[in-house]
Every structure is written in C-alpha cells, then in structure tokens.
Amino acid sequence: MKLTNDSYLILIGTKNFTERYCRDRTGWLKVSARGRTFRMTAEQVLNHILPALAGIKPNLTIKVEHHDQPVQNE
C-alpha cells in the first residue's frame with residue numbers, strides 16, 4: 001500500500017459544492033466546484049483544511065480517499 005501524498009484525494013464541500021485537492025508531480029492542485037484548477041502550496045492546502053477540521057466552519061464536510069495509483073487530474 002502506497003501512503004505518499006500523491007495517493008490521496010481530499011474533498012471539501014457542503015451540500016451545494018465540492019472542491020478537490022490532489023498532489024501531482026509539480027505540487028498541490030485545487031479543482032474548484034466549477035472545474036477551474038489552481039496551483040497551491042502545502043501551506044495553502046492546510047489553510048483550507050484546518051478550519052473545517054477544527055469545527056470553525058461546521059457546515060463543511062471533509063472526505064479523504066486513498067488510491068493505490070496516483071490520483072490523476074480529471
């Protein structure tokens with residue numbers, strides 16, 4: 001089982017939208033609910049994830065999916 005950063009897909013959203021975060025060869029990538037892509041640093045990804053995990057934004061849900069093969073940008 002591969003446990004590197006590029007084998008995870010992070011989904012953050014509400015009942016109305018979902019954003020995806022994944023890692024590829026050049027760094028972190030955010031795919032917005034509208035399908036637009038943005039390059040991000042690891043610190044920026046944490047800044048998006050931590051408020052939801054801390055309960056500051058209780059209406060957000062976080063789901064993490066593991067894939068044995070690296071997650072491909074769709």
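The values are calculated or read from the model by the stated rules, or taken from the named source; none is laboratory data. Since the model is a prediction, treat every value here as computed from it, not as a measurement. All Cβ positions, even for glycine, are placed from backbone atoms using ideal geometry, and neighbour counts span all protein chains on display.
Of Leu60, Leu50, which residue is of a type outside the set (Gly, Ala, Ser) and either surrounded by 12 or more Cβ atoms within 10 Å (Cβ to Cβ) or in contact with a Gly (Cβ under 6 Å, 6 or more places away or on another chain) (or both)?
On the way: Leu50 fails: either surrounded by 12 or more Cβ atoms within 10 Å (Cβ to Cβ) or in contact with a Gly (Cβ under 6 Å, 6 or more places away or on another chain) (or both).
Of Leu60, Leu50, the one residue that is of a type outside the set (Gly, Ala, Ser) and either surrounded by 12 or more Cβ atoms within 10 Å (Cβ to Cβ) or in contact with a Gly (Cβ under 6 Å, 6 or more places away or on another chain) (or both) is Leu60.
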Scan segment 60-74 for residues that are modelled with pLDDT of 85 or more and out of contact with any helix residue (DSSP H, G or I) (no Cβ under 9 Å at 6 or more places or on another chain) and report the count. 3
Restricting the search to segment 3-45, which residues are surrounded by fewer than 15 Cβ atoms within 10 Å (Cβ to Cβ), β-branched (Val, Ile, Thr) and either within 16 Å of Lys57 (Cβ to Cβ) or under 11 Å from the mean Cα position of the chain (by Cα) (or both)? Thr14, Thr18
Of everything in segment 20-74, what is part of a strand (DSSP E or B), within 21 Å of Leu3 (Cα to Cα) and in contact (Cβ under 8 Å) with a residue 24 or more places away in the chain? Give them in sequence order. Tyr21, Cys22, Arg23, Asp24, Leu29, Ile62, Lys63, Val64, Glu65, His66
Could you tell me which of the residues Gly27, Gly35 is out of contact with any strand residue (DSSP E or B) (no Cβ under 9 Å at 6 or more places or on another chain) and at pLDDT 90 or above? Gly35
